[in-house]
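Have a look at the structure below, then the notes.
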Amino acid sequence: EEEDEEDEELRVSDSDDELMWGSGLPQMQMQVPSPADPPAQRGADVGANDNSTDRHDAWQGFTHTSPKNKASPFASPDEAPPHRGESSTAGLHGYVGAHSDVGAHGSVGAHSAPSAADAAASSRLADFSTVFTNSKAGMEDVDKEYVKQVVFKMSEKSEFHKNEQRKSAQNAERNKRTLAELNKLSPYALETAQRAADRMLHALEESRDLSRTFMHVDMDMFFAAVEQIKKPELENVAFAVGGVGMISTANYVARRYGVRSAMPGFIAQELCRKPFPGCKLPPCELLFVGSGFDDYGLIGQQVKTVLREFDPYLQSGGIDEAYLDITNYMRDNGVSAEEVAERVRARIREQKWEFKGVEERKGGLTASCGIAPNRRLAKICSDIKKPDGQYILEPSKHAVLKFVSTLPIRKVGGIGKVSERALQEVFSVRLCGELLQKRALIAAMYKQENAEAYIGVGLGLGPTKPHKEIAADESGVGRKGISVERTFRDCSDPKLLEGRCRQLAESLAEDMADAGIKGKTLTLKLKPVTFELMTRAKTLSMSVNTVDAIIGPALELLRKEFPINIRLMGLRMSNLDKIGGTKPPPDQ
């Protein structure tokens, strides 16, 4: 749950009662759910890296710039990036009305559920899926099948695995019912959906804005890099920040064994002790380094100070990442997007970092940059040439459509494992370009706002509002909620749990004070040892942001759940207002 490199901008839930901790893509609700199965609340996958996916390491068709490869700042729009065993027939100029799934007799072709015989023939291991096989930077040569086997073997009898299997079965059944409903649609219903989808597509295309340039800056293995600055002897040692229960991140040496963020530490240890066949590193003991969150926060603020030289109104994406609108910087300094990215990375590499109680240290941190015409694409681009690299997508409609035509849907923030599975099993969609081809079916089965969101992804659209305007927004809040949470060993002691609740209330109050906001709706989040997520909320009589005002209702909500054995607790405040007419700092 303590993920330093995971995307929380747009996420989709895999449980019906899960709280929306993130924001972005609207909740995906089917238009025609079975009466016996109300639509799931789709908010945010909390846990093992729902949005971290295979990087575009195979995308050699696009030009990039990195320390070892200097080239043109823009990708060639005529070179389609090779995809991973997928095909896309989405054209760049003929996508309107040219990819209808409406059959001559009203049937929906190639959308049939797998047979019972096929399902029975698959072994439990073959059916088992895990996010831990999704690659991160430094994991390009890892044997994913071996990692899958290790994870399955070591978690098969755990409560987590049982809960995952239960949710997987529920999702499979839900998708099966949805597919049945889809195949029952009449020719008239499908034709109506096609016209509606085409109208959405035209309207969205009209909104395309290519006038601004956005950069996403993502620090490389941030927590681990900070620890290496403090302890240089760790540089060539396989280590992870965290413990046996859960790790926050791993350095690049550990990643070569298949170790990654949000992975249980005991599984990570097994991968290092028994490397996959063909691993170029010898067996070793994974070293755990305690989490220095005070240092991470301190260095994170110093990174943001550096980045504000390029955009004073940057939008923070977390402790280790930020979105920059570099349009004005490029104009005022007469530089290209490529030059800005190189300056940003150089400033971070050469910066002196200040620690509490330790003399300042120069260097040790690197960042990867992605530049694109909107923030969504910039985020995706920043992951392509990690670590310490940069990737620039040309600001043209042609280049953007070519880029997303073979982009796996899981690359997009907000399309997590549940939505990905639904799109694959119900609509046979695996690539963003296919969202345009199947837009009629999507419009038929989803509410308009959800269908528009998916079609927008297929068009390569994303947020483009100038950051200065966001900062000057009249609300001054700029967010729906603010939250804190902690994962810990199983605990059922009421006194200890109340103590943890007080600590969370103090952290939440401090964060709200720093942001200059107060809130009226308090939500308690709990994850029992069975891994089923619980949320309980209370609306207060007035907006608050002090410890005393928060702890009372928080303990009231918690005590109602006793006795309970949990491993995670969180507090969230929503229904926010600004304090005294002041707006929160840009990085809050």
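The values are calculated or read from the model by the stated rules, or taken from the named source; none is laboratory data. Just so it is clear, the structure is predicted and the values come from calculations on it, not from any experiment. Cβ: placed from backbone, ideal geometry, glycine included. Neighbour counts: every protein chain shown. Areas reflect the complete protein model, heavy atoms only, side chains present, ligands, DNA and RNA absent. Shrake-Rupley method; radii C 1.70, N 1.55, O 1.52, S 1.80 Å.
Restricted to the range 122-156, and to residues there that are open to solvent by 80 Å² or more (accessible area, probe 1.4 Å), modelled with pLDDT of 85 or more and assigned to a loop (DSSP other than H, G, I, E, B), the residue that is farthest from LEU533 (Cα to Cα) is ASP141.
Scanning the range 544-570 for residues that are of a type in the set (A, V, I, L, M, F, W, C) and part of a helix (DSSP H, G or I) yields VAL547, ALA549, ILE550, ILE551, ALA554, LEU555, LEU557, LEU558. Taken as a whole, the condition of being on the phi > 0 side of the Ramachandran plot and at pLDDT below 95 applies to GLY364.
Matching residues to (1) touching a residue at least 60 places away in the same chain (Cβ under 8 Å); (2) of a type in the set (Ser, Thr, Tyr); (3) open to solvent by less than 30 Å² (accessible area, probe 1.4 Å); (4) part of a helix (DSSP H, G or I):
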position: LYS280; (1), (2), (3), (4): yes, no, no, no
position: GLY297; (1), (2), (3), (4): no, no, yes, yes
position: GLN301; (1), (2), (3), (4): yes, no, no, yes
position: VAL306; (1), (2), (3), (4): no, no, yes, yes
position: PRO312; (1), (2), (3), (4): yes, no, no, no
position: ALA322; (1), (2), (3), (4): yes, no, yes, no
position: VAL335; (1), (2), (3), (4): no, no, yes, no
position: LEU365; (1), (2), (3), (4): yes, no, yes, no
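Within the range 243-259, identify whether any single residue is touching a residue at least 60 places away in the same chain (Cβ under 8 Å) and charged (D, E, K, R), and answer yes or no. Checked against the condition, which is being touching a residue at least 60 places away in the same chain (Cβ under 8 Å) and charged (D, E, K, R), the range 243-259 yields at least one hit.
When GLU285, GLU270 are screened for being more than 29 Å from VAL306 (Cβ to Cβ), charged (D, E, K, R) and open to solvent by less than 50 Å² (accessible area, probe 1.4 Å), only GLU270 passes. The one condition from (1) open to solvent by less than 40 Å² (accessible area, probe 1.4 Å); (2) under 26 Å from LEU324 (Cα atoms); (3) free of Cβ contacts under 8 Å to residues at least 60 places away in the same chain that LEU204 does not meet is (3).
So that you can scan it fast, the table gives a plain yes or no per residue for (1) open to solvent by 20 Å² or more (accessible area, probe 1.4 Å); (2) more than 22 Å from the chain's Cα centre (by Cα):
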residue: GLU485; (1), (2): yes, no
residue: PRO494; (1), (2): yes, yes
residue: ARG500; (1), (2): yes, yes
residue: GLN503; (1), (2): yes, yes
residue: SER507; (1), (2): yes, yes
residue: GLU510; (1), (2): yes, yes
residue: ALA513; (1), (2): yes, yes
residue: GLY519; (1), (2): no, yes
residue: LEU522; (1), (2): no, yes
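Looking at THR535, THR539, just one residue is open to solvent by 70 Å² or more (accessible area, probe 1.4 Å), assigned to a strand (DSSP E or B), within 14 Å of GLY481 (Cβ to Cβ) and of a type outside the set (Phe, Trp, Tyr), and that residue is THR539. Within the range 421-472, the set of residues being in a helix (DSSP H, G or I), open to solvent by 30 Å² or more (accessible area, probe 1.4 Å) and not acidic (Asp, Glu) comprises ARG421, GLN424, GLN448, LYS468, ILE470. Taking the range 257-277 as the region of interest, how many residues are more than 22 Å from the chain's Cα centre (by Cα) and part of a loop (DSSP other than H, G, I, E, B)? Going through the range 257-277 one residue at a time, the tally reaches 5. When the criteria are applied in full, PRO395 meets the requirement of being of a type outside the set (Ser, Thr, Tyr), at negative phi and over 19 Å from the mean Cα position of the chain (by Cα).
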